[in-house]
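Structure record follows, encoded as structure tokens.
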Amino acid sequence: MAPLQIVWFKRDLRVMDHQPLLQACRLGPVLPLVVVEPPLWGQPDASARQWAFCAESLEELRLALAGLGQPLVVRIGAVEQVLERARRHFGVAGLWSHEETGNGWTYERDLRVARWAQGHSIPWVEIPQFGVIRRLGSRQGWARRWEARMAEPIGPPPAALPPLAGLDPGPIPSAQDLNLAEDPCPGRQRGGRPQGLAELESFLLARGARYHRELSSPTTAFDSCSRLSPHLAWGTLSLREVVQRCRQRRDDLKRMPPPDRGDWGRALRGFEERLHWHCHFIQKLESQPDLEFRELHPLTAGLARSDPARLAAWAEGRTGLPFVDACMRALHATGWINFRMRAMLMSVASHHLELPWRDSGLHLARLFVDYEPGIHWCQCQMQSGTTGINTIRIYNPIKQGQEHDPAGVFIRQWLPELRAVPLVYLHEPWTLPLITQQRLGCVLGLDYPQPIVEPAAAARQARDRLWARRRQPGFRERADAILQQHGSRRSSPRTRSGGQRRRASRAAPPSQGAIQLGLDWEGIEASSTSLTLETP
């Protein structure tokens with residue numbers, strides 16, 4: 001047998017639009033390989049719910065590859081050791097994979113693999129998977145390059161894979177095999193490409209009609225959001241095919257009579273904008289890997305302090321702030337919550353509870369089935385005020401509940417202990433007279449916690465802390481440098497409304513031109529829609 005072309009699958013668990021697989025097949029026999037790395041799954045941002053989704057996706061991938069002639073081969077261990085065994089047994093002519101912007105552990109792992117490949121004169125071809133650009137020198141023109149990537153043809157699966165005789169495909173390990181803690185998540189989405197395609201079509205043809213209106217409230221977002229984020233995070237769908245399918249749907253709608261279009265145009269424009277932001281944030285981690293661990297603006301370090309009791313109360317949904325606790329419990333049970341609620345949870349942890357963003361961020365990472373390190377850690381820092389370039393935004397958890405769960409449906413669904421509380425008290429149950437609490441069987445401090453902080457006072461203190469840092473000498477200069485490195489550039493400032501241009505010009509130094517503050521809070525979030533980046 002000729003030396004093998006090894007296609008190393010990572011977070012790209014599909015055969016469609018998989019350029020490493022397609023190109024490797026043109027050069028010789030292919031070994032489609034997944035290496036399950038126990039140390040990776042032992043990292044503090046990993047969880048059994050994530051592995052369950054991944055394992056289901058691996059099963060589907062194995063079936064798809066078997067249909068082409070060679071099933072997926074699964075091995076457990078260190079990647080460079082698995083590759084070395086393949087080199088000695090078969091010979092390796094080339095290693096192929098997509099580029100990955102993962103967590104710090106995978107970054108160091110890829111450096112080791114690169115040294116192994118270089119040491120054996122084996123070419124390792126890494127191909128971009130979406131719009132993130134490796135070794136990016138400047139953000140200028142980044143949006144145009146993203147568009148070019150998304151416009152590339154969607155690659156078909158290979159016509160066939162020659163079978164590798166006598167090669168045991170290997171078992172897909174269980175969560176127990178990886179020593180992952182028990183992690184019940186009854187509402188978790190199922191992994192695999194067929195499930196991702198079904199979500200995409202149901203969103204574009206039915207569920208997404210009111211996306212732009214219903215993505216902000218957890219009472220509607222579970223149905224009206226695309227729910228594609230875990231499939232994009234694990235690569236059962238490619239971002240390119242989602243973008244192109246969305247645009248095809250928009251073109252189809254234009255040919256319909258106006259009464260049949262409904263409000264689909266606005267809905268899909270809003271969705272596509274969030275697909276742009278997907279890569280914008282991952283690009284930040286690609287360009288500065290240490291932002292997973294260190295404050296983007298160094299003068300914001302030390303804003304918070306570790307408090308295990310507060311962290312546990314927040315993490316378990318028992319802060320005594322009903323809307324916050326309901327969102328956390330829903331996330332525990334489903335592995336997903338809409339973006340505005342993610343932002344609120346992080347804001348409350350960082351500002352009201354003064355918890356370090358890394359501590360609360362790790363808890364959320366484990367709960368998110370769709371955990372994408374680049375998006376996640378950028379957002380953790382943004383919501384915590386540690387980027388230095390974004391408008392300070394401290395969510396009012398009471399107001400958020402009143403606006404996005406006005407009838408208390410979501411709170412009552414996830415906090416059964418409060419179901420008997422009248423709506424007028426539901427968002428602030430501590431205002432309920434004690435005698436009424438006793439009559440309803442919901443005594444604060446017994447059946448449901450007293451609030452862990454007084455929200456308004458805690459928000460004022462947090463705002464004072466943040467502004468004290470921003471007034472320090474040198475803060476603005478460092479923020480300007482961060483903005484120059486990480487701020488997004490629109491292809492033309494004329495694409496924004498006059499109001500957005502005025503706000504951007506006030507926020508950025510004159511020399512920045514069309515730079516937009518990382519996430520344009522004033523221009524987008526201040527509207528009645530949602531945060532710019534919705535987990536699709």
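The values are calculated or read from the model by the stated rules, or taken from the named source; none is laboratory data. Note that this is a predicted model, so its numbers are computed, not measured. No Cβ is skipped: glycine too gets one built from the backbone with ideal geometry, and neighbour counts run over all protein chains shown. The accessibility values were calculated without ligands, DNA or RNA, using every heavy atom of the protein model including side chains. Shrake-Rupley method; radii C 1.70, N 1.55, O 1.52, S 1.80 Å.
Relative contact order, whole percent, for the range 303-442 stands at 26, derived from Cα pairs under 8 Å and 6 or more residues apart.
In a solvent-free Debye calculation with one equal scatterer on each Cα, what is log10 I(q)/I(0) for the range 187-266 at q = 0.13 Å⁻¹, listed in the order of the q values? For the requested q values the scattering log ratios are -0.42. Shown for the range 319-438: the carbon plus sulfur share of the solvent-accessible area, taken with all protein chains present and a 1.4 angstrom probe, equals 58%. Legend: calculated FRET efficiency, residue 454 to residue 120, from the Cβ-Cβ distance at R0 = 45 Å, rounded to 0.05, equals 0.10. Angle of helix 264-287 to the longest C-alpha principal axis of the chain, folded into 0 to 90 degrees and rounded to 10: 70°.
Carbon and sulfur atoms: what percent of the 1.4 Å accessible area of the range 180-299 do they account for? Reported share for carbon and sulfur atoms: 50 percent. Three principal axis extents of the range 197-325 based on alpha-carbon atoms, in descending order, are 58, 38, 27 Å. With both residues required to sit in the chain, DSSP beta bridges show an antiparallel share near 10%. Computed from backbone phi with θ = phi - 60° and the Karplus coefficients 6.51, -1.76 and 1.60, the 3J(HN,Hα) list for the range 111-128 is 5, 5, 5, 4, 5, 4, 4, 5, x, 10, 6, 9, x, 10, 9, 10, 10, x Hz; x is used for glycine and proline. Enter the angle in degrees (range 0 to 90, nearest 10) between the Cα long axis of helix 48-68 and the first principal axis of the Cα atoms of the chain, meaning the one along which they spread out most. With rounding to tens, the tilt is 30 degrees.
Over the Cα atoms of the range 1-74, the radius of gyration divided by the Kirkwood radius equals 1.01; this is the Rg/Rh ratio. Hey, what angle do you get for helix 455-470 against the long axis of the chain, alpha-carbon based, 0 to 90 degrees rounded to 10? Computed tilt is about 60 degrees. Calculate log10 I(q)/I(0) of the chain for q = 0.05, 0.07, 0.08 Å⁻¹, where I(q) comes from the Debye formula with a single equal point scatterer on each Cα and nothing for solvent. Result of the Debye calculation: -0.21, -0.42, -0.55.
Overall shape: rounded for the range 32-187, with the ratio a/c of the largest to smallest alpha carbon gyration tensor axis below 1.5. When 130, 271, 90 are compared by accessible area of protein heavy atoms, the largest-first order is 90, 130, 271, using a 1.4 Å probe. Stokes-Einstein, applied to the Kirkwood radius of the range 52-140 over Cα pairs at a viscosity of 0.890 mPa s and 25 °C, places its translational diffusion at 160 µm² s⁻¹.
Could you tell me the distance between the Cα centroids of the range 36-51 and the range 361-391, to the nearest Å? Using only Cα atoms, the two centres lie 18 Å from each other. Fully extending the segment from residue 481 to residue 159, taken as 0.36 nm per residue of separation minus the present Cα-Cα distance, adds 111.0 nm. Taking 0.36 nm per residue of separation and subtracting the Cα-Cα distance, full extension of the segment from residue 273 to residue 443 would add 56.6 nm. Residue 306: net charge of surrounding residues, Cβ under 11 Å, Lys/Arg +1, Asp/Glu -1, itself excluded? Its environment carries a net charge of 0. What is the distance in Å between the Cα centres of the range 216-266 and the range 87-163? Taking the Cα centre of each part, the range 216-266 and the range 87-163 sit 28 Å apart. Here the 3J(HN,Hα) profile of the range 207-217, calculated from phi with Karplus coefficients 6.51, -1.76 and 1.60 at θ = phi - 60°, is 5, x, 4, 10, 3, 5, 9, 10, 6, 8, 9 Hz, Gly and Pro shown as x. In the context of the full set of protein chains, the range 82-121 has a per residue accessible area of 49 Å² (1.4 Å probe). Amide H contacts of residue 92 (H built 1.01 Å from N, in plane; Pro and chain starts excluded): 4 sit under 5 Å, all sequence-distant by 5 or more or on other chains. Within the assembled protein chains, the solvent-accessible surface assigned to residue 133 is about 10 Å², based on a 1.4 Å probe. Here r is the Cβ-Cβ distance between residue 111 and residue 81 and R0 is 25 Å; the resulting FRET efficiency, rounded to 0.05, is 0.95.
Remark on residue 98: its backbone amide H falls under 5 Å from those of 10, 127, a criterion applied only to residues 5 or more positions apart or on other chains, H modelled at 1.01 Å from N. Within straight-line reach of residue 284, meaning a Cα separation under 27 Å, sit the following lysines at least 8 residues removed in sequence or on another chain: 10.
Look at the alpha carbon pairs under 8 Å that are at least 6 residues apart: their mean separation over the length of the chain gives a relative contact order of 17 percent.
A cut-off of 5 Å between modelled amide H atoms, ignoring neighbours fewer than 5 places along the same chain, links residue 448 with 443. Here the gap between residue 333 and residue 140, fully extended at 0.36 nm per residue and compared with their Cα-Cα distance, gives a gain of 65.3 nm.
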